[in-house]
Every structure is written in C-alpha cells, then in structure tokens.
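Since the structure comes first, as structure tokens, the remarks are kept for the end.
The values are calculated or read from the model by the stated rules, or taken from the named source; none is laboratory data. Only a predicted model underlies this, so the values are computations on that prediction, with no experimental measurement involved. Positions of Cβ are generated from backbone atoms using ideal geometry, with glycine treated the same way; all protein chains shown enter the neighbour counts.
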Amino acid sequence: MMGKVTGFLEIDRQVHKYQPAADRIRHFREFTLPMSDSEVEKQAARCMDCGIPFCHGPNGCPVHNQIPDWNDLIYAGDWDAAIRNLHSTNNFPEWTGRICPAPCEEACTLNLEDIPVAIKTIEQAIADKAYETGYVRPYPAEKQTGRKVAVVGSGPAGMAAAQQLGRAGHEVHVYERESRPGGLMRYGIPDFKIEKHYIDRRVEQMQGEGVTFHCGVNVGVDKPVDELLAEYDAVLYCGGSEKPRPAGIPGVDLHGVHDAMPYLVQQNRRVANEDIQSVAWPSEPIVAGGKHVVVVGGGDTASDCVGTAFRQGAVRVTQLDIRPQPPEKEDKLTVWPYWATKMRTSSSQAEGAQREFQVATLEFVGEDGELTAVKCCEVDEKRKPVEGTEFFIRADLAFIAIGFAGVPEGGFAGNLGDRLEMAQDARRSHNVVANEVDYRTSVDKLFAAGDVRRGQSLVVWAIREGRQAARSIDEFLMGTTLLPR
Ligand SMILES: Cc1cc2nc3c(=O)[nH]c(=O)nc-3n(C[C@H](O)[C@H](O)[C@H](O)COP(=O)(O)OP(=O)(O)OC[C@H]3O[C@@H](n4cnc5c(N)ncnc54)[C@H](O)[C@@H]3O)c2cc1C
Ligand code: SF4
C-alpha cells in the first residue's frame, strides 16, 4: 500500500526544527520543536512504498521497523494502528525516534536525491502519540511459565530483553549496579538528546508487567555470577562495552585531562539531582564553565562532551578528529543504500565548536601538574605526523572520547575467568563471544546481548539484540517460542 502516489513529487522533506543554538545552550532539556499531526501526515505521504523497501532491509533499520506500512497508516490518519505496528518491532520507539542516527534514511530510495522520507521524525511523532493516548501502559502476560530469568544490565539491550521475556510469562529480575535503570541512555547520553522521563515511563510499564529491577547491585562484585546462575533458569548479560580505549598520549595524568564518561555521567546525575558519583565512573567534580576545552575524538561521545561543555558555559570548545574532513556530498552510486561517509554536523557541533580534522594529539602539556595546552600536528592519509606542522591549543580541560575497548577484566567477566570465552573484534574491542542466532555464551545458561557482545554500537542495535536474545532464551526454557526475532 502506498499513501499518496504523488506525495514525493509534491511535498518537500521537513524534519524537526531546533531551538536556536543561543537559546538551547542555556538549558539541558530537549530542544526539538514540535511538528503538528497534519505536517507529520504530509511527511508520511512522501513514502513511495518501494518494491524493495531498503529502509527496513539489511542496511536499513536494525529492528526492521515496517516503515512503509506505518507511513501509509499515518497518511491515512490511523495513528492507533501505526502505534501498534511500530511497537510490534520496537519496544522503545520514543528512544530511537530521538537518538537513532537513522540508517533507514540513508537507505531510503529518495536519499538518492538527498531528500529521504523523514522516517525518524515520523517515528518520534508516532511514539510520542502513544504516550499521549495512553498506549504506553503495562501489558502483562496472560499466563506465567514458572521460569525465572535474570538480566544483568539495564541499558536498551537489557530493557528490551526483559520486556520481551516478561511478556512471554517468565519471572524477570533485572540487576543494575547504578542507582537507576537505563544504562548509557540514562548516564551517558545527555538530557538534551533524550530526557530521562522517557526511561522512567518504560520502567514503570515493565514493573506493571511484573519485571523486578534490583538497582545498586554490581553482579560479580556484590553478588557472585555463579550465585545468579544457580538461582535462575537463565541469565542474560547485557553489561555494555564500557572500558575506555586507552589514549596512550603523554600527559594524560595532568589535572584537567579526563575520559569522556565521568564527565558525561556527572552532568546527567546533576540534572537528575543525584549524587554525582557513580559506581562505574567515580571522579572529582568536572565542570567546563569559563574554561577552554579540547575534545579528542570525532564520534557521538565527543559530540556529547561538546554540547555539555557549551551548556556549562565553556569559553571555547575545540574538537580534534584524526580522520580527514569528509566530502560535503557522497557519491550516491557507490555507497547507497549503505551508511555514507560525508560531512555531518551534530547539533552540539553546530553550537559553535571549532572542528579540526586530520589532526593528531601528540601531548597534553601542563605547568605544576595542571593542563595548559594540547600539542597537536597535522597527519597524512596514513595518520602519520607531518613534520613541521606542530601547533598548540590552549586548554584548561581536555576530554578523551576515542571509543571503547569492550568488557572490563574484573567484575562479571572476572568472576567467570576462563570459563567465559572472549574475543577481540576488528575494532580491537574485547567482547563476550556469542552468535546472533542463539546468543549463548561458553557458560551454560548464560546468554549475552548488546554492546557486551558486539562492542560499542547503537541503541537500536542493542534493542534488536535484546529482543533476539529474549527469543532464544524463551526457546531454551520452553522448547518453543512465539517471540519475534
Ligand atoms: C556518550 C555516548 C553517546 C551515545 N550516543 C548515542 C546516540 O546518540 N545514538 C545511539 O543510537 N547510540 C548512542 N550511543 C551508543 C549507545 O548508548 C549504546 O550502544 C547502547 O546504550 C548499548 O546498550 P547496552 O544495553 O548494550 O549497554 P549499556 O547501555 O552500556 O548498558 C549496560 C548496563 O549494564 C550495567 N552493568 C554493567 N556491568 C554490570 C554488572 N556487573 N552488574 C550490574 N550492572 C552492570 C551498566 O551499569 C549499564 O547500566 C552512545 C554511547 C555513548 C557512550
Ligand atoms: S530505529 Fe533508527 S533505523 Fe529504525 S526506523 Fe527508527 S530511526 Fe530508522
């Protein structure tokens, strides 16, 4: 079915607009401006219902959202059916509608003309409507199976798995070492990208479905993993990929140089009126107000440091990326429908960051133990320093956001020692070994999903893995399953 046959010819692409940068950096709230229902319906009309819908093919949406179907429903004004359809593939579309980088839009056929359907904006609108209409309420299982499952970690992978398992009738207990559930959604990603009441509402929904959350329990430290394996019929490990990649840059021990995570976690906790010290990222208070800030790295985490520093009142924020500046426009015929390398500017970068490309960080420089500057140089295509190009950037604070190296040695993994098979992936991330079919680890009854298995990734991939692992666990416990993959 296709909404408006000539929609893509008649209607221009529109996505959510933002509050101006000068206004939004005064607060930590979300800053997208609402779109009317009729505007969303017009945007949905642009979908061409392609014979092969690349948007939910292998290069498109990882949870296989049925995008053309809900676009048609929205065009027809049937929001209730669109809400049900969207929730059949995605437990938490209000999360992905806000923070997914939208590989679906890259794969959209209209992206060949740079005017993809505004899929992410429409997804958010449907998900927000679900909140308004009261659809987001508990849907408890009709029958209990008598089986008990423990989920370790309450990020999007653990939450999605727990919801699916609870709805399949199992008794589900989620163990989370931090004070509140949500994983990186709550303590990594800033409020200005997603406000945390969207997590609280889902936690309430799941509690209403019978899921129990045990926060403040660090499994492997406060409770041995073997105890959990003995108490439950199955255990799913969704602990994330949290070990920061070591920078190996001289001067990292200077006062003022930090990993990105403690900085971001502290600010999230401040906004939530929580004690700023987390279990995983204890650190002295870090605040960028009145400071010259340098962020090393070019990904999401780096961008989040940039936006947080501006909101805290940084004087200047410079972001260093070792990669060359990508082209403004990709060659569609060589990359589509895959994710393209092209110049992208995050909303945080657009708030005034000075971006330096093809630059290596040589050293953090300081006086009396305090950071004063970052020594950099230009690099060639092979990332080799170009002689004579060294320069210094004034810095009172520097954040290292160069990625994550997988599962830490101690804690959960340390408890299991050699029994838990781990392997290094192409990005040098040390992850738990489990396949994408049954998600079973080398330890009996223990499954793994999300970043802990695939390395640092995306919320939508974590949701997918959580859902698929739940299906595998259900089948393991019951011999058969009706949960979708
Ligand atoms: C700063 C930052 C910004 C990001 N921005 C985006 C974005 O804009 N869009 C996007 O799609 N993705 C983004 N990502 C990636 C995304 O957040 C992750 O891929 C996703 O959260 C992974 O989900 P997960 O459930 O596998 O793990 P996590 O979200 O990491 O959750 C793991 C949870 O397990 C808990 N845990 C770990 N070990 C134990 C233990 N032994 N006992 C009890 N609890 C334990 C942790 O406390 C944590 O709550 C970002 C990541 C970072 C770091
Ligand atoms: S979850 Fe991400 S990839 Fe899937 S439809 Fe939403 S924005 Fe697109």
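Does residue 162 qualify as being closer than 22 Å to residue 40 by Cβ, within 13 Å of ligand 1 (Cβ to nearest atom) and modelled with pLDDT of 95 or more?
Considered against the rule, which asks whether it is closer than 22 Å to residue 40 by Cβ, within 13 Å of ligand 1 (Cβ to nearest atom) and modelled with pLDDT of 95 or more, residue 162 comes out as no.
When you check residue 453 against the structure, is it within 16 Å of ligand 2 (Cβ to nearest atom) and at pLDDT 95 or above, yes or no?
Answer is no for this residue.
If the requirement is being in contact (Cβ under 8 Å) with a residue 12 or more places away in the chain and within 16 Å of ligand 2 (Cβ to nearest atom), which of these qualifies: 141, 150, 168, 157?
Of the residues listed, the single one that is in contact (Cβ under 8 Å) with a residue 12 or more places away in the chain and within 16 Å of ligand 2 (Cβ to nearest atom) is 157.
Can you spot a residue in the stretch 201-221 that is away from ligand 2 (no atom under 16 Å from the Cβ), closer than 24 Å to residue 33 by Cα and of a type in the set (D, E, K, R)?
Yes, there is a match, as at least one residue in the stretch 201-221 is away from ligand 2 (no atom under 16 Å from the Cβ), closer than 24 Å to residue 33 by Cα and of a type in the set (D, E, K, R).
For the stretch 327-340, name all the residues that are more than 23 Å from the chain's Cα centre (by Cα) and of a type outside the set (Lys, Arg).
327, 328, 330, 331, 333, 334, 335, 336
Can you tell me which residues in the stretch 457-482 are more than 16 Å from residue 233 (Cβ to Cβ) and in a loop (DSSP other than H, G, I, E, B)?
457, 458, 482
With the requirement that a residue be free of Cβ contacts under 8 Å to residues at least 40 places away in the same chain and surrounded by 22 or more Cβ atoms within 10 Å (Cβ to Cβ), what does the stretch 223-276 give you?
Listed by number, the list holds a single entry, 266.
Scan the stretch 332-349 and report the pairs whose first residue is assigned by TED's automatic domain parsing to the domain that holds residue 321 and whose second residue is β-branched (Val, Ile, Thr), with Cβ atoms within less than 7 Å and a gap of 6+ or a chain change.
From residues that are assigned by TED's automatic domain parsing to the domain that holds residue 321, the pairs are 348/306; 349/306.
Condition first: near ligand 2 (Cβ under 7 Å from one of its atoms) and outside any loop (DSSP other than H, G, I, E, B). Now tell me which residues in the stretch 59-72 satisfy that.
Across the stretch 59-72, the qualifying residue is only 67.
Return yes when residue 444 is part of a loop (DSSP other than H, G, I, E, B) and away from ligand 1 (no atom under 11 Å from the Cβ) and no when it is not.
When the stated conditions are applied, residue 444 passes them.
Quick one: in the stretch 410-436, which of the residues that are without any contact (Cβ under 8 Å) to a residue 60 or more places away in the chain, exposed (fewer than 13 other Cβ atoms within 10 Å of the Cβ) and over 22 Å from the mean Cα position of the chain (by Cα) is nearest to residue 305 (Cα to Cα)?
My answer is 423.
Residue 33 is checked against (1) touching a helix residue (DSSP H, G or I) at 6+ places or on another chain (Cβ under 8 Å); (2) more than 30 Å from residue 470 (Cα to Cα) and fails just one. What number does that condition carry?
Among (1) touching a helix residue (DSSP H, G or I) at 6+ places or on another chain (Cβ under 8 Å); (2) more than 30 Å from residue 470 (Cα to Cα), residue 33 violates only (1).
How many residues does the stretch 31-58 contain that are surrounded by fewer than 17 Cβ atoms within 10 Å (Cβ to Cβ) and part of a loop (DSSP other than H, G, I, E, B)?
Residues flagged as surrounded by fewer than 17 Cβ atoms within 10 Å (Cβ to Cβ) and part of a loop (DSSP other than H, G, I, E, B) within the stretch 31-58 amount to 8.
In the stretch 442-485, how many are among the hydroxyl-bearing types (Ser, Thr, Tyr) and under 24 Å from residue 182 (Cβ atoms)?
Matching residues across the stretch 442-485 total 2.
For the stretch 92-139, give me the residue count where each residue is at positive phi and away from ligand 1 (no atom under 16 Å from the Cβ).
Within the stretch 92-139, residues that are at positive phi and away from ligand 1 (no atom under 16 Å from the Cβ) number 2.
If you check residue 216 against the conditions, is it surrounded by 18 or more Cβ atoms within 10 Å (Cβ to Cβ), at pLDDT 95 or above and not hydroxyl-bearing (Ser, Thr, Tyr)?
Against the criterion (surrounded by 18 or more Cβ atoms within 10 Å (Cβ to Cβ), at pLDDT 95 or above and not hydroxyl-bearing (Ser, Thr, Tyr)), residue 216 does not qualify.
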